[in-house]
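Peer 1: The structure under discussion is supplied below as structure tokens; questions concerning it will follow.
The values are calculated or read from the model by the stated rules, or taken from the named source; none is laboratory data. On a predicted model such as this, the values are computed, not experimentally measured, just so you know. Positions of Cβ are generated from backbone atoms using ideal geometry, with glycine treated the same way; all protein chains shown enter the neighbour counts.
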């Protein structure tokens, strides 16, 4: 225990905050790190025959992972710099196999190397069917496509993805969150939104008809405001999926980049939590809508973390990251983003929650403002450094040196 942490613990005790309780709580919160940051959302299919389906990673920084082995090596390095034990969020087109199955032919055996690796690393796995970057998604319509044959193709892909996720969860003894996001929508103004949404609802119902043990797999549905090529209408809107999650009992995924820039995800959490049992967060930084920048310790992240802590939603919320920036070191992006999410949670856990709630209940806005502003000066950094030290990961300049050294070791990848 360092002298700086010892002093910080005393300061927080004066605010009636127990730093040891905060550190214990933080150690029990897993972050699901997204595999697609490591290779610019390319995946490892032997064939795709399609454009990206509205998914773009900007930049061409040296060192992109080109194989599952390279991606796993990069992930291992990143996890070694992130305190605590966490998860990996895997997309369906990151299969590890010499075969060339189409999306409606994927099986659990195509992902066994990932499961074996996760066991070795002590990680949980989450999963996502991949409804983009495929010839049958080039119309930006999948589960809501007017062509029943195309809908059936994607329904089968979704069924198989759910089965794979359930098998992963069973093998690892930790439920895999299987998150369903489709790019469906229209570039120009449609005349029949209802028909598209009815098709999407029916497809989802068919796809999710088989029941899986919730100890192994949890379904989540993810909305979006709009995207590239679907500027006029996104079939799976927030309202659509909020209603679907309530009716069908799935998790609701809130992605920080999928709403209007003036909307605050922190404000949505307590609202939707009154109607759905569990939530999935995709944490990102939408500088310009869904631009998916590496997250900072900015107000949006700090407020979201505080809302999770103060409303008691940590046990009902699965926290995942979702950004992809190819202008910087991809491994550094993982480390910076994951640690910033943890730092935001720690700051929330170190706030005088009971006192703040009491003054708000008493309508004492002056004291509330004074407390929240004075609390900004509390020695959070010393507590974070203690957390890193206990987990044997570097902090400060030592971390920067490690990130630079690893980036130099992979920069020669073609």
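Peer 1: If residue 327 satisfies every condition in (1) without any contact (Cβ under 8 Å) to a residue 60 or more places away in the chain; (2) surrounded by fewer than 20 Cβ atoms within 10 Å (Cβ to Cβ); (3) in the same structural domain as residue 258 (by TED's automatic domain parsing) but one, which is the exception?
Peer 2: Unmet for residue 327, out of (1) without any contact (Cβ under 8 Å) to a residue 60 or more places away in the chain; (2) surrounded by fewer than 20 Cβ atoms within 10 Å (Cβ to Cβ); (3) in the same structural domain as residue 258 (by TED's automatic domain parsing): (1).
Peer 1: Additional query: Just give me the residues in segment 267-283 being touching a helix residue (DSSP H, G or I) at 6+ places or on another chain (Cβ under 9 Å) and either exposed (fewer than 15 other Cβ atoms within 10 Å of the Cβ) or part of a loop (DSSP other than H, G, I, E, B) (or both), in sequence order.
Peer 2: Kept after step one, since they are touching a helix residue (DSSP H, G or I) at 6+ places or on another chain (Cβ under 9 Å), are these residues of segment 267-283: 267-270, 272-273, 275-279, 281, 283.
Passing the criteria: 267, 270, 275, 276, 277, 278.
Peer 1: Also: Go through the residues of segment 286-301 one by one and say whether even a single one is touching a residue at least 60 places away in the same chain (Cβ under 8 Å), surrounded by 19 or more Cβ atoms within 10 Å (Cβ to Cβ) and on the phi < 0 side of the Ramachandran plot.
Peer 2: Within segment 286-301, one or more residues are touching a residue at least 60 places away in the same chain (Cβ under 8 Å), surrounded by 19 or more Cβ atoms within 10 Å (Cβ to Cβ) and on the phi < 0 side of the Ramachandran plot.
Peer 1: Here is a follow-up. One residue is enough: does segment 66-80 have a residue meeting the conditions touching a helix residue (DSSP H, G or I) at 6+ places or on another chain (Cβ under 7 Å), in the same structural domain as residue 339 (by TED's automatic domain parsing), crowded, with 19+ Cβ neighbours inside 10 Å and not in a helix (DSSP H, G or I)?
Peer 2: no
Peer 1: Also: Residues 119, 85, 81: which one is within 27 Å of residue 339 (Cα to Cα) and modelled with pLDDT under 95?
Peer 2: One residue alone meets the criteria, 85.
Peer 1: Next up: Test residue 387 against the stated conditions and say whether it is under 28 Å from residue 76 (Cα atoms) and at pLDDT below 95.
Peer 2: Judged against the criteria, residue 387 is not a match.
Peer 1: Filtering segment 249-262 down to residues that are surrounded by 14 or more Cβ atoms within 10 Å (Cβ to Cβ) and more than 13 Å from residue 226 (Cβ to Cβ), which residue is farthest from the chain's Cα centre (by Cα)?
Peer 2: This residue is 250.
Peer 1: Within segment 184-207, can one find any residue that is under 26 Å from residue 34 (Cα atoms), in the same structural domain as residue 251 (by TED's automatic domain parsing) and not in a helix (DSSP H, G or I)?
Peer 2: yes
Peer 1: Pairs needed: first member in segment 382-396, under 17 Å from residue 11 (Cα atoms); second member anywhere, modelled with pLDDT under 95 and buried (at least 21 other Cβ atoms within 10 Å of the Cβ); C-beta distance under 6 Å; at least 6 residues apart or different chains.
Peer 2: none
Peer 1: Could you look through segment 183-207, keep only residues that are closer than 28 Å to residue 283 by Cα and in contact with a strand residue (DSSP E or B) (Cβ under 6 Å, 6 or more places away or on another chain), and pick out the one that is surrounded by the fewest Cβ atoms within 10 Å (Cβ to Cβ)?
Peer 2: Result: 186.
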